[in-house]
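The values are calculated or read from the model by the stated rules, or taken from the named source; none is laboratory data. Just so it is clear, the structure is predicted and the values come from calculations on it, not from any experiment. Note that each Cβ is placed from the backbone with ideal geometry, even for glycine, and that neighbours are counted across all protein chains shown. When the accessible area is computed, the model is the full protein with side chains, heavy atoms only, and any ligands, DNA or RNA have been set aside. Shrake-Rupley method; radii C 1.70, N 1.55, O 1.52, S 1.80 Å.
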Amino acid sequence: MREPVRWVQTNLRETDARMDPKRVVGQIADFRANVLHFSMGGIVAFYPTRVPFHYPSPYLPEGRDLMGEIVGLAHARGIRVVGRFDLSKTRKEVFDAHPEWFFRKANGDPVIYNGLYSTCINAGYYRDHAMKILSEALERYDVDGLFFNMFGNQSRDYSGTFIGHCHCDACKRRYRTLYNKELPAEPDEQYRQFMFRSSREVAEDIGKLIHAKRPNAGYFNYIQEYTDGIMSESNTAISRGLPLWPYTSSDNVNRARNSEPGKASVNLNMQFFDYAWRFATVAPGEIALRLWQAIAHGGAMAFAVNGTFDHEDRQAIEAARPVFRWAADHQEFYAGQTSAARVLLLGGSARTGRTYSQQSYRGLFRMLTEEHIPFAVADNMDWVGKRTFDLVIAADYAPAELKQYVDSGGKVLVVSPRAPELPGTPRVVRQHKDIESYFRVRDHKLFPSLQLTNLVMMDGEYSEPEPDTSAAPLTLVPPSMFGPPEKIHVDMKDSASPGIVRWQGGRVVWIPWDAAGLYYKHSLPGHAGLLRDAVAMLLPNRQIQTDAHPLVEMSLMRQGSRTLLHLVNVSGHADTAYFRPVPMRDISVELMGSFRTARLLRSNQRVPLTGKGGSVAFRIPEVVDYELVVLE
Ligand SMILES: [Zn+2]
């Protein structure tokens, strides 16, 4: 947390055990990485393990301790080593000796994939034997951390085949003890809680073991609980729905750093396209964009390859190399950053068990980014009473815990057909499942972005609040005829049903339909304008005023006494492609706060500042791919 992290994962094959460790560590050092995330054990061990039911790679040369050599060579060059474990599968010999340790399908069969048997998070391998394997690893090797892949039971295998949930005796017993009933035939909410609880129990035990054996080592997992570093991935998949999410790295890192400010965020930038094509690289522009976004939001710079750098497809490696080297040359600016954003965007959370609409969340995420409004993302309510914001925006859900924040004078914007759980929320008189119509703009002063239109398109769910007694600024136009052209909307009527409601003296604003999800899907100017103006009602003074193009992403961070303004050029993204970004020129920025100097690190120049009553103004001549403005 106090040092800059440039992390490279070499996700090894068992055949890589024949590698020359000097060559691999030399490549990592040349790349200017300072953390090597190296495969250690579980499915295959890369050291001569002596724990029963744990097997070194058959390709590990006799007498060779690869892990020991790697740790020694890396440490000699100032590179930390994080060992990777995958405890989710193991060999048939283990299954034959301990069938009770394994995942069972509904019909009792084990799950076998390429000869490996899936273990169960609730059975003896994970709960007991894994601790012996990890104890040996931690006692023998001076690792700086451990990472766990595929933690907990998976319902699909690598080929995407549905397996369902585990029916092993350990699961059955635990479920009966905890809930006094049998395992459900289909996973329900209670079963999901059961799995969540099961994986967190094991996660807690592993965390304790790591910290007891190696107090300075970090614990890294894809989960937030009990870990020191929250892992995530920016990845692609052949069957993933469009549109692509060009803010994936920003999203993962912003969310991790602001949901758990005490933890590191490591967002693995996956070089490969999908499981079946591990040796096919995604666009170099995509690799670079993810790296810039990660450090712009205070995360580690992280990059993952299958195998080593002696790769069949080296395009991603060569795209990441100059970015790593530049970050190394300027590393003093990439440690200990915290978000300086004064707006919070609430996402859903696995931890609270709440589901949320990803489209609504992304719609707001994109709108705030395009508007250059710095924001933090949290998927919990731990910030209440600890961190102040000028505005909290709730995508999809506004939990009752927000009451304390509103009571203390906080402002909230809720964009969702789900009614906020807040006092004063107007009664919903009717729940509309699917409306194809409009809202009418009745107050253009309140919606200056909508001067050229009287109507905003509406599609989907709408919670109709009781009619406003005062003149509502936005009201539902009930569905009317749309064809043939001779009949279009000739029967159109208006209603008093509000499309936006405000209470608590205007400090709480609720748009009771999915304007954000519609913006995400269709990018209509009506929804952009509506959301922009709704934010302006609550946030008259923004931290940043700029004429920058919407595809220049900005994040505002604090680092000690410095303020860091990151600019990431996202303009290389188009359809399914990521090209070199189009250089953005002559950007003017007005930033809240008082500063004496501004340096542009990437273009290596100072820019003059002019003071303007509580803010400073400056111009950025050009942003090619990324710029960091250091304000002091
Ligand atoms: Zn089980």
On a 1.4 Å probe surface of the protein chains, which of M457, M1 comes out largest in accessible area, and what is the full order? M1, M457
Taking every alpha carbon pair in the range 529-632, what does the distance histogram look like in 10 angstrom bins from 0, in percent? 14, 43, 31, 11, 0
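Show me the GluC sites (Glu not before Pro) within the range 46-112 that DSSP assigns to loop and that have at most 12 other Cβ atoms within 10 Å of their Cβ.
Listed in order of number, the matching sites are E62.
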Could you list log10 I(q)/I(0) for the chain at q = 0.12 Å⁻¹, which the Debye formula gives when each Cα is one point scatterer? -1.31
In terms of the Cα gyration tensor, with a ≥ b ≥ c the square roots of its eigenvalues, is the range 186-313 rounded because a/c is under 1.5, prolate because a/b exceeds b/c, or oblate? prolate
Counting DSSP beta bridges in the chain, what percent are antiparallel, to the nearest 5? 55 percent
Once the whole set of protein chains is in place, how much accessible area is left on K411, using a 1.4 Å probe, in Å² to the nearest 10? 60 Å²
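With all protein chains present, how much of the accessible area of the chain (probe radius 1.4 Å) comes from carbon and sulfur, to the nearest whole percent?
About 49 percent, which is the carbon plus sulfur part of the accessible surface.
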Calculate for the chain the 222 nm mean residue ellipticity that helices alone would give, adding -39,500 (n - 2.57) per DSSP H run of length 4 or more and normalising by residue count, nearest 500 deg cm²/dmol. -7500 deg cm²/dmol
Probe 1.4 Å, all protein chains in place: accessible area of T597 in Å², nearest 10? 40 Å²
Per residue value of the accessible surface for the range 64-202 (all protein chains in place, 1.4 Å probe), Å²: 44 Å²
